[in-house]
1. Can you tell me which residue in region 137-163 is farthest from A13 (Cα to Cα), limited to those that are among the aliphatic types (A, V, I, L, M) and touching a helix residue (DSSP H, G or I) at 6+ places or on another chain (Cβ under 9 Å)?
2. Are any residues in region 19-40 in contact (Cβ under 8 Å) with a residue 12 or more places away in the chain and within 11 Å of ligand 1 (Cβ to nearest atom), and if so, which ones?
3. Does D159 count as in contact with a Lys or Arg (Cβ under 6 Å, 6 or more places away or on another chain) and within 30 Å of H351 (Cα to Cα)?
4. Being of a type in the set (D, E, K, R), assigned by TED's automatic domain parsing to the domain that holds A288 and open to solvent by 40 Å² or more (accessible area, probe 1.4 Å) is the requirement here; does E63 meet it?
5. Assuming A96 fulfils every condition listed in (1) within 30 Å of Y370 (Cα to Cα); (2) over 18 Å from the mean Cα position of the chain (by Cα) apart from one, which condition is it?
6. Out of G184, G134, G172, G157, which single residue is farther than 29 Å from R220 by Cα and in contact with a Cys (Cβ under 7 Å, 6 or more places away or on another chain)?
7. Would you confirm whether or not region 328-343 contains a residue that is closer than 22 Å to L227 by Cα and either away from ligand 2 (no atom under 16 Å from the Cβ) or out of contact with any Phe, Trp or Tyr (no Cβ under 6 Å at 6 or more places or on another chain) (or both)?
8. Any idea how many residues of region 110-164 are under 26 Å from the mean Cα position of the chain (by Cα), within 14 Å of ligand 1 (Cβ to nearest atom) and assigned to a strand (DSSP E or B)?
Amino acid sequence: MRVQIAIVGSGPAGLLLGQLLHRAGIAAVVIEQRSKDHVLARIRAGILEQISQDLLDAAGVGERMHREGLVHHGIELAFGGRRHRLDLYRLTGGRAVRVYGQTELTRDLMEAREAAGLPSVYQAAEVRVHDFDGERPRVTFRRDGQRHEVRCDFIAGCDGYHGVCRASVPAGALRIYERVYPFGWLGVLADTPPVSDELVYSNHERGFALCSMRSPTRSRHYLQCSLDDRAERWSDAAFWDELRRRLDAETAQALVTGASIEKSMVPLRSFVAEPMRFGCLFLAGDAAHIVPPTGAKGLNLAASDVRYLSRAFIEYYRDHSAAGIADYSAKCLRRVWKAERFSWHMTSLLHRFPDQGEFGHKIQEAELDYLVHSQAAAASLAENYVGLPFED
Ligand code: FAS
Ligand code: PHB
């Protein structure tokens, strides 16, 4: 097979890139190691910045998101037994976020790709990338016992943190920056009504908790947990009891519990691989960077990379200019590091660290108190939460 762009990975980054390239008449194939069902079964992000929503519209897949997604003008911070609302809309001069699960966004993109009859390979085994430092990059894989080869102009490594693309870059060519947090998140999805109209982020002495949602009838909750914890050790009752303990009295009272339909645990890390381009190989999304989910940035950063990468490829083929390709990594990384900073800040502000001590806790309390009583501090958090503007 020969295409212009070989996209490795059928998560949000790979599928969104494929759709934007298709709309520009650029031929791409998506190569995914798992099945569609497996990709759709992963429960992940829930918050879309306006920029990500605009990209989905540009990709022609925004209709269900607008119909079913929930626009949120604020978030609430709970600490010291009270909730404090941050009016994101007022603080940012009219900007908001939309709750729309990554699973649904991925489904919309998969369906659009299928409807357009675009080439995708699922359950591809032994995916390998070759000769991306030369002029003739290739991707090979096995499927149904046959070896396949895709010849292309460029390879988009959209294969996530554990993917093959970054792993194929010579170690000396990468600079890795990483912080592993001493805790994880235990997440539960349940068909129970959300505890509040907006998200509630709770800083509690027992640990962080987050009350989120997917729809008016489906809630998503998280508890900070230790790294040696396991989801299967938590009964639903134990999860709900601990969540109640970490909420203020009013919220705990309003919590409607029920059977979990998904329960999973993720470790938290900040991770950046620099640069994000190696010859004809371009990394996008989690393949290049990871943020702790506290700032709801992971999925939105993937979309941000894809915005730059799709424009670079379109410019290359339409305008015969390699400027966007040359600038790709530097432009992405400026935005990546700002999101890394914000996600690290939100994580440091809201979680209990084993070594933080009483002084550290008092500093957290003071920062939260300052945040909810200072217009300037609240506006700073708000503009990062809704998504910083692009500095193209
Ligand atoms: P993805 O990891 O989504 O997709 C990569 C794809 O590449 C996968 O389908 C994988 O199967 C495939 N792949 C991997 N290796 C391959 C190979 N060798 N060959 C072919 N295909 C290969 N973000 C938030 O904002 N909020 C959250 O609450 C949140 N929760 C998360 C929970 C978990 C468990 C994880 C891992 C991430 C979470 N994130 C969250 C971040 C998440 O949403 C990512 O930012 C988002 O999935 C990034 O999308 P992609 O870059 O497409 O990577
Ligand atoms: C989610 O709904 O999954 C979610 C929302 C906000 C976050 C993290 C996760 O900061």
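1. First, the residues of region 137-163 that are among the aliphatic types (A, V, I, L, M): 139, 150, 155-156.
After this cut, where a residue has to be touching a helix residue (DSSP H, G or I) at 6+ places or on another chain (Cβ under 9 Å) as well, the list is 155-156.
On the way: I155: 13, A156: 9 Å.
So, considering only residues that are among the aliphatic types (A, V, I, L, M) and touching a helix residue (DSSP H, G or I) at 6+ places or on another chain (Cβ under 9 Å), the one farthest from A13 (Cα to Cα) is I155.
2. Passing the criteria: V30, I31, E32, Q33, R34, S35, K36, V39, L40.
3. Working: in contact with a Lys or Arg (Cβ under 6 Å, 6 or more places away or on another chain): no; within 30 Å of H351 (Cα to Cα): yes.
Here the answer is no, as D159 does not meet what is asked.
4. yes
5. (2)
6. After applying the criteria, what remains is G157.
7. Looking through region 328-343, at least one residue is closer than 22 Å to L227 by Cα and either away from ligand 2 (no atom under 16 Å from the Cβ) or out of contact with any Phe, Trp or Tyr (no Cβ under 6 Å at 6 or more places or on another chain) (or both).
8. The number of residues fulfilling the criteria is 11.
The values are calculated or read from the model by the stated rules, or taken from the named source; none is laboratory data. Since this is a predicted model, take the numbers as computed values, not measurements. With ideal geometry, Cβ positions are generated from the backbone for all residues, glycine too; neighbour counts draw on all protein chains shown. The protein model used for the area step is the full one, side chains on, heavy atoms only, and it has no ligands, DNA or RNA in it. Shrake-Rupley method; radii C 1.70, N 1.55, O 1.52, S 1.80 Å.
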